[in-house]
Amino acid sequence: MTFESLVRIATCAVSLVLLACLIIAPSVADDHENNEAESDGLSYVGIKDFTDLKAGEAPYYIDKWRDVLAINAGNVKFRDKWARATAEFTGADGTYDVVITTIGEYDGECTYRLYVDGELIGELQNDAVDKSGDMKPQTHVWEGVSVKQGQTIGVESNLHTNGKIPEGDGTAWARGRWEKVDFKAAE
C-alpha cells in the first residue's frame, strides 16, 4: 500500500467520524439544553448543570469515579461546614415534587438541603446502610415545592461520621455525595 492510499483511507475515516458527530450531536445537545427527565419533568445533574460548586462554606469537588458531587472529608476544616452548588431553574413556573438522588455511604448518614432563591425548603438525611448498601443511590423527595423560571436552585450537603469505620486516629466520614435533582410536576 502506498503512502497516498493510507492518506486517503485516513481521510475517509475522519470524514465518517465527523459525519457521525453531526448526526448525533444535535440530539444530545437538545436533550441537555432542555434538561428533560424522561417525559414528565426536568433533571439537573450535579456535575453538569450546577455551575457554582463553591456557593457554600465548603466547596464541592467532582467525584469522577462516580460522576457525583462530593466534599473532601480529608480536610478537617470542612467537617462542620455545608457545601452548596447552585443552578438556574429553566423550567416553567409551577409546583414540583423535587427528587434528589444521593449516594448512601457506610461511614455516615449525610444531610441534604434544598434552597430556592436562598430560601431553605427542607432538609433530608440519608438512610443508614451496611456494606452492601455502600455507594448505592438513595432517593428523597421534597413535595410541593413552588419554583419560578429563572430562580436559583441550591443543593447543600454536609460531611458525617457514624463512628463505625476506624480510619487513622478517628473514624471515616461520608462525603455528602449526590448525583442529581429531578423536578416532577406535583399532583
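Taken together, the values in this text are just the output of simple stated rules run on the coordinates, not laboratory data. What you are looking at is a predicted structure, and each value in this text was computed from that prediction instead of being measured. Methodologically, a virtual Cβ is constructed for each residue, glycine included, from the backbone with ideal geometry; neighbour enumeration extends over all protein chains shown.
Quick notes on this structure:
- Taking the conditions (1) surrounded by fewer than 15 Cβ atoms within 10 Å (Cβ to Cβ); (2) assigned to a strand (DSSP E or B); (3) not charged (D, E, K, R) in turn, GLY163 satisfies each one other than (2).
Yes/no matrix, rows are residues, columns are (1) of a type outside the set (Val, Ile, Thr); (2) under 30 Å from GLU167 (Cα atoms):
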| position | (1), (2) |
| --- | --- |
| ASP63 | yes, yes |
| ILE71 | no, yes |
| ASN75 | yes, yes |
| THR102 | no, yes |
| GLU143 | yes, no |
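- Residue tally, condition β-branched (Val, Ile, Thr) and in a loop (DSSP other than H, G, I, E, B), over the stretch 85-139: 2
Every residue, every condition in (1) surrounded by 21 or more Cβ atoms within 10 Å (Cβ to Cβ); (2) within 9 Å of the chain's Cα centre (by Cα); (3) in a strand (DSSP E or B), yes or no:
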position	(1), (2), (3)
TYR44	yes, yes, yes
ILE47	no, yes, no
LYS54	no, no, no
ARG66	no, no, no
LEU69	yes, yes, yes
GLY74	no, no, no
ALA83	yes, no, yes
